[in-house]
Amino acid sequence: MSALPSTSGKDHFAEAACYDVVVVGAGFAGMYMLHRLRGLGLKVRVYEQGGDVGGTWYWNRYPGARCDVESMQYSYSFSEELQREWDWSERYAPQAEILNYARHVAERFDLRKDIQLNTSVDCAGFDESAGEWQATTSDGKTVGAKFVVLATGCLSNARLPDIRGLSDFAGKVYHTGHWPHEAVDFTGQRVAVVGTGSSAIQSIPVIARQARHLYVFQRTPNFSIPAHNAALTAEEREAFRRIYPEVRRFAREEARNGIYAELPDRGALDDGDNARRARYEQRWARGGLTFMLAYNNLILDQAANDTAADFVRAKIAEIVKDPQTAKLLQPDNHPIGSKRICVDTDYYATFNRSNVTLVDIRTNGIEEILPNALRAGGKDYEIDALVLATGFDAMTGSVARIDIRGRGGRTLKGKWAEGPKTYLGLMSAGFPNLFIVTGPGSPSVLSNMIVSIEQHVDWIADCMVWMGQRGLDLVEATKGAEEGWVAHVNEVAHMTLYPQANSWYMGANIPGKPRIFMPYIGGVGVYRRICDDVAAKGYDGFAMTAAEPLREAARS
Ligand code: N01
């Protein structure tokens, strides 16, 4: 029997299809949301603009794409059977394997029957008199739903840079976040990669092995830590599975970033030079994002941060043979970790290859793209193919491109014009029954995304159950709670070094986008406790009402 009274049979929707919940997106968030809601007996429809499930892993197929969180941890924890039966082949799984995992989950839990692929939700409007949403999809249909859940992803709106002449380029143009499905072979070609963020840092070593010549156009160097990726043996997987209960508990409750790791017991300046260097060496040898967990104050204290940044800069100088190239690759305008740390395989060493040239565009950017060349620093670099690794309109971009209208016809895009405003990253005041999974104002991109996704999905499902049990139809963040949360998110961000970087966390990569620190830095454990506490207090900060009075008013 359903845990919740389904509303999908109402007369109101006699003519249009009608659902309890419309979910936008069939990435890891949308799939788990569907699974949970179906378990409650609700009628759910998921719309996915891509040709398959998998979200970011469906689109980001560039050479070298793989996860920067270890796969035994970057995986669902909601099903014991699933985590027992799926064998990750490598420490950091490649994109194709993660996409296969998403497909496996879709099939294993029979999700596909409720997912409509190749269909975007273009508009969603809240009908105040009925207390329900109307969503219009790219196939021209309008459906009704009591709730809408935006599972649109934080990094799913690939951004083309505004560079003069881009449309005149005669060769092939690729964006790492929107890579073709057929194999791309750069053999014998002169290739330009624009950008040096995570996507570029993963793809450059692979493209360099194929291309006749690779030009890397760098505006801002980034800190990158070696992945030390390797095959996982059956014994390693089993050993990990034995500690899964503790790994998952720790990731949810104690870790700031949702990753099981040894937590530091001291600050960087508590150790002398030799001990500190030894600790950094140990972290470098281990590899990956947890380098930043060498000490507990690296993202809080500039002097502490400098010690880690200096260590990585020295590593770059050690690896890269040409001193001038090494100097250009050493980041010097932001604290380490204040932009997402990159995790690489052979990135810095790639610049020792004779077929790779680093082009510094820090001062003037790319001046122009010509039909057969990129012009920078007054020089033309002749190329056959152009790879834009220029990132995303992060966190808000995929939401803003849907025409979402809440109370009084107000658009969410308009409301967020000066920066996203949410309560807990879950809801925005004035938009009843519209949930966001890992929205701005939640730990989201600062965490292991799957841990944060599962937490939000469970919280949203529990909230719906709570409402159903009490005959409540509408839930909405109050303005006061939202204002308090936005202020708290900002306050916490400014206690750290994060806001010092021009990062996509701040919206700084999009010209004209407001500079607001978007994710919540408090950590996933702390954040989970806040969300649980809010729920335990009867959804403190959320207004909940029964819709019947509205309908009565509409009928009279
Ligand atoms: O994008 P980015 P990304 N002219 O925004 C440059 C996740 N991710 O796709 O820094 C010249 O980081 C821009 O320069 P600058 C991960 O969270 C995860 O690489 O603005 N250059 C920058 O170098 C990551 O953080 C994985 O000066 C221009 C680059 O393009 C996030 O996605 C793998 C330019 C953009 O870097 C985004 O990473 C990949 C212009 N006009 C990504 N415009 C995993 O491993 C932009 N740039 C899970």
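What to note about this one:
- Shape box of segment 422-556 [Cα atoms, principal axes, largest first, Å]: 55, 32, 23
- Nearest-ten-degree value, helix 95-108 long axis tilted from longest Cα axis of the chain: 20 degrees
- Within the straight-line cut-off of under 20 Å between alpha carbons, the aspartates and glutamates reachable from Lys379 are Asp162, Asp168, Asp360, Glu367, Glu368, sequence neighbours fewer than 8 places apart in one chain being disregarded.
- Prolate/oblate/rounded label for segment 282-421 (Cα gyration tensor, a/c 1.5): oblate
- The residues Arg38, Arg407, Arg256, Arg242, sorted by heavy-atom accessible surface at 1.4 Å with ligands and nucleic acids left out, run Arg242, Arg256, Arg407, Arg38 from largest to smallest.
- Straight Cα distances below 21 angstrom link Lys421 to the lysines Lys413, Lys479, Lys513, with same-chain residues fewer than 8 positions distant left out.
- What the Cα atoms of segment 97-229 give is an Rg and a Dmax of 20.6, 63 Å.
- Each peptide in 259-272, 439-452 was scored by the mean count of other Cβ atoms within 10 Å over its residues; highest first, the order is 439-452, 259-272.
- Rounded to the nearest 20 debye, the dipole size of the chain about its Cα centre is 520 debye, using +1 on the Cβ of Lys and Arg and -1 on the Cβ of Asp and Glu.
- Over segment 48-104, relative contact order from alpha-carbon pairs under 8 Å, at least 6 apart, %: 46 percent
- Solvent-accessible area per residue in segment 233-356 equals 48 Å², computed with a 1.4 angstrom probe and all protein chains kept.
- Principal-axis tilt of helix 244-253 within the chain, Cα atoms, nearest 10 degrees: 80 degrees
- Within straight-line cross-link reach of Lys315, aspartates and glutamates at Cα separation under 15 Å, skipping those fewer than 8 residues along the same chain: Glu281, Asp306, Asp332, Asp344, Asp346
- Over all directions, the projected convex hull of the C-alpha atoms in segment 58-168 averages 11.1 nm² in area.
- When the alpha carbon coordinates of segment 427-470 are projected onto the principal axes, the ranges are 35, 22, 9 Å, largest first.
- Average accessible surface for segment 24-164: 34 Å² per residue, computed with a 1.4 Å probe over protein heavy atoms with every protein chain in place.
- Segment 143-261 - percent relative contact order, Cα under 8 Å, separation 6 or more: 16 percent
- Between Asp540 and Glu90, the FRET efficiency from the beta-carbon distance, with R0 = 41 Å, is close to 0.40.
- Calculated on C-alpha atoms, the gyration radius of segment 232-325 divided by its Kirkwood radius gives an Rg/Rh of 1.06.
- MRE, 222 nm, helices only [DSSP H, n ≥ 4, -39500 (n - 2.57), over the chain, to nearest 500]: -9500 deg cm²/dmol
- Pair-distance distribution P(r) for segment 134-179, from all Cα-Cα distances in 10 Å bins starting at 0: 18, 31, 24, 21, 6 percent.
- In units of the compact-protein estimate 2.2 N^0.38 Å, segment 289-368 shows a Cα radius of gyration of 1.22.
- Packing rank of 75-82, 211-218, where each peptide gets the mean count of other beta carbons within 10 Å, highest leading: 211-218, 75-82
- Convex hull of Cα atoms in the chain, direction-averaged projection (nm²): 25.9 nm²
- Shape call, segment 319-366: gyration tensor on alpha carbons, a/c limit 1.5: oblate
- Segment 390-477: Cα Rg divided by the 2.2 N^0.38 Å rule of thumb: 1.14
- Computed extension length for Glu483-Arg410: 24.5 nm, one decimal, from 0.36 nm per residue of separation with the Cα-Cα distance subtracted.
- Taken over the alpha carbons of segment 13-114 as equal point scatterers, the Debye sum produces base-10 log I(q)/I(0) values at 0.12, 0.18, 0.24 Å⁻¹ of -0.42, -0.86, -1.34.
- Average Cα contact separation per residue, segment 327-463, under 8 Å, 6 or more apart, as relative contact order %: 10 percent
- On Cα atoms only, tilt of 273-286 relative to the major axis of the chain in degrees: 70 degrees
The values are calculated or read from the model by the stated rules, or taken from the named source; none is laboratory data. On a predicted model such as this, the values are computed, not experimentally measured, just so you know. Virtual Cβ from ideal backbone geometry, glycine too; neighbours counted across all protein chains shown. Side chains are part of the model used for accessible areas, which takes the heavy atoms of the whole protein and leaves out ligands, DNA and RNA. Shrake-Rupley method; radii C 1.70, N 1.55, O 1.52, S 1.80 Å.
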